Every structure is written in C-alpha cells, then in structure tokens.
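Notes follow once the structure below has been shown.
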Amino acid sequence: MKYKLESKIRYHLPAGSAPMSTIARNGKSVKTFIYTSRLLVEWVVIGFFLILMTPTRGFTANFNILPTSLELGGNAKSGAFSVMNSSSEKLNCQIEVKEWTQDANGKDVYSDTGDIVFFPKIMTVQPKEQRAIRIGIKGPLPPQERTYRLFVEEIPVQKSVSGDNAPSELVAGLTIAFRYSMPIFVKPVSQRQGGVIEKINMVKGLTKAIVRNTGNVHLKLIIVAFRGKSADGKEVFSKEAAGWYILHGQSRSYEVTIPQELCRNLATIEINAQSENLTINGTLAVHKEMCTQ
C-alpha cells in the first residue's frame, strides 16, 4: 500500500446542551450539562466496545482515491488524482500538499511548500460520482528526487433530524472523518537507485540493521527479513519486518529480538531488504556474548 489512510473521531453534543457561560450562572444547567456529558461518554465507550467486538467489519472510508501515487518528471509536468464517492451522501473534502522529507531516524516530516500547484483546495463530490484534483510542478526538474504528499481530508457533517412540525435538531453521536495521504514523486532528469545495509549489530539478542538509500530516488522496501543460521548452515531463526519508504540520502533502522535459547546456536544472521526492484543484503557474524541477557 503506497498511501496512508487515517481516521479522526469527532463526537457531537445533542441539542439543548448548556454552554459554559450558562453553566457558571445557573445551577440547574450544570446538572443538565453533566448528565449530557455522562451520557455522551457512555455512548463513546459503547461505540468503541462495538468496534473491538466486530473486527471483521469496523469502519471503512466512504471514498477512494486513484491512483495511489503520482510520478511527475520528464514530459509529465502535471497529473491528477480522482476522488470517488461511493456513498449515498455528498462528500466534502479539504485538500493540501506538503513537502515530504525524513529526519535522521527515518521519521517522516511534512512542511509547507510552494513547489506544487494544485486545484481545488476544497471540493464537494456528489453521491456515486467522482472529481479530479489536478497537480502541477513549478520550475525545472531537480538533480535529486523531490517528494511530497497530497492530503485529502473528509469534512464531517453533523447529522440532524426533524419532525413534521418541529425544527431540525442535531443528533448526538460519533463521526469518523477519514484522511488519505498520497505520495507525489518529482523525478530527476537522471535516475539512480542504490542501497546498502551500512550497519548491523546485536546486543542481548536485539539485532538492528540500518538500511541506507544511496541513490537519488526513493526506495520502497517491501520487507526486511532476518535469518539466523547455525555453523552448519541450518536456519535456526527467521523473522520479517514490514518495510517502508526510504527517501534519497536517508536511512531507516529495522530490528528484531532473537530468543536467548535460539541465539546461542547462531553463527550468522543474514539480512535481506527487498524493494520493488532492488535487493540489499548484509551479514553479521554472531558471538555468544551478543546473546547474553
């Protein structure tokens, strides 16, 4: 999966809840507010309990975005994402683009940018329809890949009900607001992929491997596999860690813990980092003191 899908939970007070200014002056309103708040908390707890008890269903986003990533560069100075509303209600979204970098620990960092032109910034998508978000780049192509993320966040709408002879009222409840995060890659004129496992160590059975991107474009690691072998070449231990993006010039640490009873039988640990079209290998010779707890 090349995009991130996040969710935000918002809860709404029902009609008639007392504002804070009224609470300070009116003892009866205080009691009403406390009752309403307790009732709301109870609904929140019940809602989360139901989520935990029904893991196969849960919450799903009522919209999708395609493609899952966008590559620009060369003759492709612009492109588009399509937001598809699969629900029976209109969808309101707010959109922004951030420059995407990584710090020394491989953690993603987002900052404001003027390098990308996009439209619209707010959109409404009618039920069962789709709309395009158009993306363009400014200036010449960079010598190294530049990376950005498009954020599309649902704007939740409070539900209301009304009777035949009564005005509409807000309904207390939970609203799940989803946010997609889609990568945008601006490719350099000349692309070069490369990577190394620059450091492997083990202390008390905890094995760490640092994978560095030596190219000028991103690496998308699919999986990082750790395999421990005995002196006769027999595999004694095996564990895999999920990969992630490593942007150009950056590195990321992956680690696994080897049980002491297995660690004592190891002679080597082989690390295999597999990207979409590149394999990076490394080996660590194991000594018994590395396993000592």
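Can you tell me which residues in the stretch 252-268 are in a strand (DSSP E or B) and crowded, with 20+ Cβ neighbours inside 10 Å?
Those that are in a strand (DSSP E or B) and crowded, with 20+ Cβ neighbours inside 10 Å: Arg252, Tyr254, Val256.
Go through the stretch 269-282 and report how many residues are exposed (fewer than 14 other Cβ atoms within 10 Å of the Cβ) and in a strand (DSSP E or B).
Summing the residues that are exposed (fewer than 14 other Cβ atoms within 10 Å of the Cβ) and in a strand (DSSP E or B) in the stretch 269-282 gives 2.
Any residue at all in the stretch 98-108 that's modelled with pLDDT of 95 or more and in contact with a Leu (Cβ under 7 Å, 6 or more places away or on another chain)?
Within the stretch 98-108, one or more residues are modelled with pLDDT of 95 or more and in contact with a Leu (Cβ under 7 Å, 6 or more places away or on another chain).
Criterion first (β-branched (Val, Ile, Thr) and either in a loop (DSSP other than H, G, I, E, B) or surrounded by fewer than 19 Cβ atoms within 10 Å (Cβ to Cβ) (or both)) does Val211 satisfy it?
Criteria not met by Val211.
Would a scan of the stretch 227-236 turn up a residue that is out of contact with any strand residue (DSSP E or B) (no Cβ under 7 Å at 6 or more places or on another chain) and at positive phi?
yes
Among what's in the stretch 214-225 and is in a strand (DSSP E or B) and among the aliphatic types (A, V, I, L, M), pick the residue that is surrounded by the most Cβ atoms within 10 Å (Cβ to Cβ).
Applying the filter and picking the extreme gives Leu219.
Any idea how many residues of the stretch 92-145 are under 18 Å from Ala76 (Cβ atoms) and free of Cβ contacts under 8 Å to residues at least 12 places away in the same chain?
Looking only at that region, the number is 1.
Which residue, of Gly249, Gly233, Gly228, is assigned to a loop (DSSP other than H, G, I, E, B) and over 20 Å from Asn105 (Cα atoms)?
None of the others qualify; the one that does is Gly233.
Before we move on, is Phe81 modelled with pLDDT of 95 or more, in the same structural domain as Glu153 (by TED's automatic domain parsing) and within 21 Å of Ile155 (Cβ to Cβ)?
yes
Go through the stretch 208-255 and give me each residue that's polar (S, T, N, Q) and in contact (Cβ under 8 Å) with a residue 40 or more places away in the chain.
Asn216, Gln250, Ser251, Ser253 - these are the residues of the stretch 208-255 that are polar (S, T, N, Q) and in contact (Cβ under 8 Å) with a residue 40 or more places away in the chain.
Determine which single condition Met202 fails, assuming it passes every other condition in (1) more than 26 Å from the chain's Cα centre (by Cα); (2) assigned to a loop (DSSP other than H, G, I, E, B); (3) modelled with pLDDT of 90 or more.
The number of the failed condition is (2).
For the stretch 110-137, enumerate the residues that are in contact with a strand residue (DSSP E or B) (Cβ under 7 Å, 6 or more places away or on another chain) and loosely packed, with under 11 Cβ neighbours inside 10 Å.
Within the stretch 110-137, Ser111, Asp112, Ile122, Lys128 meet the criteria.
When the residues of the stretch 226-238 are filtered to those that are of a type in the set (Lys, Arg) and surrounded by 14 or more Cβ atoms within 10 Å (Cβ to Cβ), which remaining residue is farthest from the chain's Cα centre (by Cα)?
Residue satisfying both the conditions and the ranking: Lys229.
The values are calculated or read from the model by the stated rules, or taken from the named source; none is laboratory data. Since this is a predicted model, take the numbers as computed values, not measurements. When we count neighbours, we look across all protein chains shown, and the Cβ atoms used for this are built from the backbone with ideal geometry, even at glycine.
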